[in-house]
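Asker: Would you mind keeping the following structure in view while I ask a few things?
The values are calculated or read from the model by the stated rules, or taken from the named source; none is laboratory data. Bear in mind the structure is a predicted one, so any value in this text is a computation, not a measurement. Here the Cβ positions follow ideal geometry from the backbone for every residue, glycine too, while neighbour counts run over all protein chains shown. Heads up: the accessible areas ignore ligands, DNA and RNA and are worked out on the full protein's heavy atoms, side chains in. Shrake-Rupley method; radii C 1.70, N 1.55, O 1.52, S 1.80 Å.
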Amino acid sequence: MSDYVGRGRVSEKLCIGREVFPAFYFACGLMTKPKAKPEILAPCGNLEAFFAAIECGADAVYLGLKEFSARAKAKNFTLGELERMVAYAHKEQRRIYLTLNTLIKERELPKLIEVLSAAEAVGVDALILQDLAVWRLARKFFSNFELHASTQMTVHNTAGVEMLEKMGFSRVVLARELSLKEIQTIHNRTSLTLEHFIHGAHCFSLSGQCHFSSWLGGMSGNRGRCAQPCRRRYYYKGKSGYYFSPNDLSALELLPELSRAGVMSFKIEGRMKSAEYVASVVSAYRLVLDAAPNKRGKAIAEAKEKLRASFGRLPTKGFLPDPAPVDIVNPAVHGATGLLLGKVEKTQAGRLMFSLRHPLHLGDRLRVQPATDKPGTGFTVRELYLGNKSVKQAGKHSRVSIGTPPGKSFRKGDAIFKVSSGQVFSLSEAACRKRLAAAEGPQLPLQLTVVFPGSGRLNLIGACAGVKLQREFSVQTYPATERPLTSESLIKVFSKTGNAAFTLAQLDCPELPAMVLPPSQLNQIRREFFNELSEAIAAWRQASTKGLVHRACADLLPADSKTSGSQASFGVVIRHVRDQHLVKNSLIDTLYLPIAAGAHRRVDPRNKNMLVWDLPLVIFDCDWPAYQQEIETLLTQGYQRFRLHNIGQFRLFAGCQDVALEAGYRLFTHNSQAALAWRELGAVAATCNVEDDRDNLADLLQRNTGLLMSVIAYANVPMMISRVPMRNIKPDRLLVSDRNEGYRVESRQSLTVVRAQKDFSLLGHLHELSELGCDRLVIDLSHVGAFSAEGKRILNSALKDQQLPNTSSFNFFQGMA
């Protein structure tokens, strides 16, 4: 239920409406909470999927608005629709989590504040977020929200969860790369609710750490616009394959193990999927979760039949049984989803003919996938023929023809996939909208006191949603010879709240005089009082919301607030301690060096203050003690500067004095509110998002965040960082796309790193960045070596601000969508 439920005290004698406010009565001890059971959390990208999830047994749904959703290509919802959906879900005792899990541009911060205010007003149960701008604004101005950390935050260890708990989060969506054993380790150290994906598409990369789509055309996955280049075909040593396309997760048989490991929310992926998909998957997992232990086997068999209608890729249990799975990627299998029905045999006059490998019905949705790597064409079957006879369904092995969309052409050999079935969930969009329109708005609990202070007078005192209204009415009463006015008769009258946004939760009345009050008079008083109370609540809400939005917007940093300083300094990322001699160059004031056991012993003491120790993006729990010990050693040796790349790494320095922590570019600083968040968490410097564009960088850098702001000016940016092993791919040979783009695959510390052949470079534009307000320009030479011929060439060009050929400016000019 939404936050307003359960705030007040309920009279045990006169409490009413328990079926409407269960959480309210749980809080008061008047109802017994059932034993905790993991929730099934369903995706909702359109209205039909919302009702499919509710009807098929989801305990909660997660959905996005038109703005700030990590699935921007889903239909998503307006605020008006969200309000009705919250009302409907709460009436059904279900929860709604709003996804605001994208990176926010500086100019979008005022709009974000409006969305936060509106979402709080309609009573969504929680926010799922990635950008710490959302965390900071919600915590400071919209504190009624429950905060869930998105899987986009790449939380993969105990320290990350502990840090989130300290920051006020109540739930974390763990990285999908964790095993059951690793999840159990985390659970043993936290009271946060753990959420984990149990079904749906896998990303090859760690969530939140993929730049692949953004690199190819500015369509950032961190902005909800992933173009899925990982699903495309690539060539290695002349052999084609889908090397980056993982199979779909299906943890149907692991629900008890997940529950024992501490997962309390079972999350289904698929906000881009159909209502049919949602219905099939939710009902399958509901069946297994609710089955008695001695009937689980039968339930799993039945559930697998249901899942056949979800038409995903080949199933895998992912990383849950083993952190190094061997079945997660099969390069020989096409990355597209769906049940293969057959291949186009003939096309003719708006029809295509093929032989069925599985049954087909009118209303099923198909996708025709060309043999090339181009996107497929999806459509719903409206015409189905056996020969020349129109039919509603056709069986396996039948040779059929179907009508195709106007203007679309297909070729012999194109594959035909069924992606959803019209037989699974048939509620139309129009029917869904009609049902939604009938949903009542959220009902607030009203506490009402009725007092008769003297003859001919009645006082009403109502308290609801922060508003208190007191009114006195003149009444005409009569002595009662029998059946005098009682508290029960008053409850009956004042429970009739009509279309008001509140419902009577408590009625208090002192000892009533033995009298009779005409019902018509009492009803008239009720109508007048409730009308005035409704208007007062609406006015208070409007004023409160407007004032809160105004204060939040006023708190945003103004443009041009940063004092123009001197020319930006240079920082260089090096790979080996031997490259520390770069400090002899007077233009370089900082060197970034990866943390390695004993590396400090080879550092020249004169270079100590210029050195920043660089932590890796990923430190699993099994490796944490080694890093903890090494950092303790560095601190003992007097080193103070460290660059962090994951939220949990702040825990390594808890209680440390005189340390200078930098937020690396993997800790996204895409706006000034995120920068302020890092500052509040203990950072003294931050690095702008490497995939950012010139306009947003300009907006961010001209604001005085109190941090030293760095910009990556040259690097070989990893496209993806993954835990998926690729044992047969060597870094000496490139994987090449159909577009002739080359990518190199490396294995580092049990991780797979995919890099573009081209380097990222803003050389030639460094003076502009300095004028925009950049304090430090970072040149990453870790992939070539600082004193190699290529390293010297890059550094020389950087110091002279000269462009280099055969490099990419990433999104700097093309923009980041």
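Asker: Mind telling me which of the residues ASN696, ASN728, ASN740 ends up being more than 28 Å from ILE595 (Cβ to Cβ) and in contact (Cβ under 8 Å) with a residue 12 or more places away in the chain?
Answerer: ASN696
Asker: Of all residues in the range 330-368 being open to solvent by less than 30 Å² (accessible area, probe 1.4 Å) and in contact with a His (Cβ under 7 Å, 6 or more places away or on another chain), which is nearest to LYS418 (Cα to Cα)?
Answerer: Step by step, filter the range 330-368, then rank; the result is LEU341.
Asker: Follow-up. Hey, can you tell me all the residues within the range 582-594 that are touching a residue at least 24 places away in the same chain (Cβ under 8 Å) and surrounded by fewer than 19 Cβ atoms within 10 Å (Cβ to Cβ)?
Answerer: VAL583, ASN585, LEU587, ASP589, PRO594
Asker: Sticking with this structure for a sec: When you check VAL684 against the structure, is it modelled with pLDDT of 95 or more, more than 30 Å from TYR243 (Cα to Cα), assigned to a strand (DSSP E or B) and open to solvent by 40 Å² or more (accessible area, probe 1.4 Å), yes or no?
Answerer: Judged against the criteria, VAL684 is a match.
Asker: Examine the range 596-611 for a residue that is modelled with pLDDT of 95 or more and under 32 Å from the mean Cα position of the chain (by Cα), and state whether such a residue exists.
Answerer: no
Asker: Among the residues in the range 667-676, are any under 26 Å from the mean Cα position of the chain (by Cα) and surrounded by fewer than 18 Cβ atoms within 10 Å (Cβ to Cβ)?
Answerer: No, the range 667-676 contains no residue that is under 26 Å from the mean Cα position of the chain (by Cα) and surrounded by fewer than 18 Cβ atoms within 10 Å (Cβ to Cβ).
Asker: So, one more: With respect to the numbered conditions (1) open to solvent by 10 Å² or more (accessible area, probe 1.4 Å); (2) more than 23 Å from PRO718 (Cβ to Cβ), which one is the sole condition not fulfilled by LEU617?
Answerer: Condition (2) is where LEU617 drops out.
Asker: Go through the range 234-272 and report how many residues are in a strand (DSSP E or B), of a type outside the set (Phe, Trp, Tyr), closer than 24 Å to PRO725 by Cα and open to solvent by 40 Å² or more (accessible area, probe 1.4 Å).
Answerer: The qualifying residues number 2.
Asker: Can you work out which of the residues in the range 193-211 that are open to solvent by less than 30 Å² (accessible area, probe 1.4 Å) and in contact with a His (Cβ under 9 Å, 6 or more places away or on another chain) is nearest to GLU741 (Cα to Cα)?
Answerer: For the range 193-211, the residue satisfying everything is SER205.
Asker: State whether one or more residues within the range 101-120 are over 26 Å from ALA817 (Cβ atoms) and of a type outside the set (D, E, K, R).
Answerer: No, the range 101-120 contains no residue that is over 26 Å from ALA817 (Cβ atoms) and of a type outside the set (D, E, K, R).
Asker: Residues of the range 479-495 being over 15 Å from VAL450 (Cα atoms) and either touching a helix residue (DSSP H, G or I) at 6+ places or on another chain (Cβ under 6 Å) or open to solvent by 80 Å² or more (accessible area, probe 1.4 Å) (or both), which ones?
Answerer: If the condition is that a residue be over 15 Å from VAL450 (Cα atoms) and either touching a helix residue (DSSP H, G or I) at 6+ places or on another chain (Cβ under 6 Å) or open to solvent by 80 Å² or more (accessible area, probe 1.4 Å) (or both), then PRO479, THR481, GLU482, ARG483 are the ones that fit.
Asker: Before we move on, is VAL124 in contact (Cβ under 8 Å) with a residue 60 or more places away in the chain, under 17 Å from GLY64 (Cβ atoms), open to solvent by less than 10 Å² (accessible area, probe 1.4 Å) and outside any strand (DSSP E or B)?
Answerer: Spelling it out, VAL124 is indeed in contact (Cβ under 8 Å) with a residue 60 or more places away in the chain, under 17 Å from GLY64 (Cβ atoms), open to solvent by less than 10 Å² (accessible area, probe 1.4 Å) and outside any strand (DSSP E or B).
Asker: Here is a follow-up. Being charged (D, E, K, R) and under 22 Å from LEU681 (Cβ atoms): is that true of ARG703 here?
Answerer: So ARG703 passes the test.
Asker: Hey, another quick one. Given the structure, is PHE650 part of a loop (DSSP other than H, G, I, E, B) and either over 26 Å from the mean Cα position of the chain (by Cα) or of a type outside the set (Lys, Arg) (or both)?
Answerer: Spelling it out, it is not the case that PHE650 is part of a loop (DSSP other than H, G, I, E, B) and either over 26 Å from the mean Cα position of the chain (by Cα) or of a type outside the set (Lys, Arg) (or both).
Asker: It is to be established whether one or more residues within the range 212-230 are part of a loop (DSSP other than H, G, I, E, B), charged (D, E, K, R), open to solvent by 20 Å² or more (accessible area, probe 1.4 Å) and under 28 Å from PHE810 (Cβ atoms).
Answerer: yes
For every residue, the table says whether it meets (1) within 27 Å of SER750 (Cβ to Cβ); (2) touching a strand residue (DSSP E or B) at 6+ places or on another chain (Cβ under 7 Å); (3) acidic (Asp, Glu).
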{"site": "GLN567", "(1), (2), (3)": "no, no, no"}
{"site": "HIS581", "(1), (2), (3)": "no, no, no"}
{"site": "LEU593", "(1), (2), (3)": "yes, yes, no"}
{"site": "ALA596", "(1), (2), (3)": "yes, no, no"}
{"site": "PRO605", "(1), (2), (3)": "no, no, no"}
{"site": "LYS608", "(1), (2), (3)": "no, no, no"}
{"site": "ASP621", "(1), (2), (3)": "yes, no, yes"}
{"site": "TRP624", "(1), (2), (3)": "yes, no, no"}
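Asker: Need the failing condition index for ALA463 against (1) open to solvent by less than 40 Å² (accessible area, probe 1.4 Å); (2) not in a strand (DSSP E or B), just the number.
Answerer: Looking at each condition in turn, ALA463 falls short on (2).
Asker: What are the residues in the range 717-747 that are at pLDDT below 95 and hydrophobic (A, V, I, L, M, F, W, C), if any?
Answerer: Passing the criteria: MET726, ILE729.
Asker: While we're on this one: Among the residues of the range 102-116, write down those that are open to solvent by 10 Å² or more (accessible area, probe 1.4 Å) and under 30 Å from PRO445 (Cα atoms).
Answerer: The answer is GLU114, and nothing else.
Asker: Further question on the same structure: Given the criteria touching a helix residue (DSSP H, G or I) at 6+ places or on another chain (Cβ under 8 Å) and either more than 24 Å from LYS306 (Cβ to Cβ) or acidic (Asp, Glu) (or both), does LYS66 qualify?
Answerer: No.
For (1) surrounded by fewer than 15 Cβ atoms within 10 Å (Cβ to Cβ); (2) hydroxyl-bearing (Ser, Thr, Tyr); (3) more than 30 Å from ILE461 (Cβ to Cβ); (4) under 36 Å from the mean Cα position of the chain (by Cα), each residue gets a yes or a no:
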position	(1), (2), (3), (4)
GLN521	no, no, no, no
GLN524	yes, no, no, no
PRO558	yes, no, yes, yes
SER566	yes, yes, yes, no
PHE570	no, no, yes, yes
ILE574	no, no, yes, yes
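Asker: Among the residues in the range 89-96, are any outside any strand (DSSP E or B) and under 29 Å from ALA554 (Cβ atoms)?
Answerer: No: the range 89-96 contains no residue that is outside any strand (DSSP E or B) and under 29 Å from ALA554 (Cβ atoms).
Asker: Name every residue in the range 131-162 that is among the polar types (S, T, N, Q), open to solvent by 10 Å² or more (accessible area, probe 1.4 Å) and either in contact (Cβ under 8 Å) with a residue 60 or more places away in the chain or closer than 16 Å to GLU67 by Cβ (or both), in order of residue number.
Answerer: Result: ASN144, GLN152.
Asker: Further, regarding this structure: Quick one: is GLY498 modelled with pLDDT under 90, assigned to a helix (DSSP H, G or I), farther than 16 Å from LEU460 by Cα and open to solvent by less than 80 Å² (accessible area, probe 1.4 Å)?
Answerer: Taking the combined requirement at face value, the residue does not satisfy it.
Asker: So how many residues does the range 501-527 have that are charged (D, E, K, R), within 21 Å of SER455 (Cα to Cα) and assigned to a helix (DSSP H, G or I)?
Answerer: Residues in the range 501-527 being charged (D, E, K, R), within 21 Å of SER455 (Cα to Cα) and assigned to a helix (DSSP H, G or I): 1 in total.
Asker: Still on this structure, please answer the following. Open to solvent by less than 10 Å² (accessible area, probe 1.4 Å) and either of a type outside the set (A, V, I, L, M, F, W, C) or without any contact (Cβ under 8 Å) to a residue 24 or more places away in the chain (or both): does that describe TYR97?
Answerer: Here the answer is yes, as TYR97 does meet what is asked.
So that you can scan it fast, the table gives a plain yes or no per residue for (1) at pLDDT below 95; (2) in contact with a Phe, Trp or Tyr (Cβ under 6 Å, 6 or more places away or on another chain); (3) of a type in the set (D, E, K, R):
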position	(1), (2), (3)
ALA72	yes, no, no
LEU79	yes, no, no
ILE104	no, no, no
LEU116	no, yes, no
LEU127	no, yes, no
ALA138	no, yes, no
SER143	yes, no, no
HIS148	no, no, no
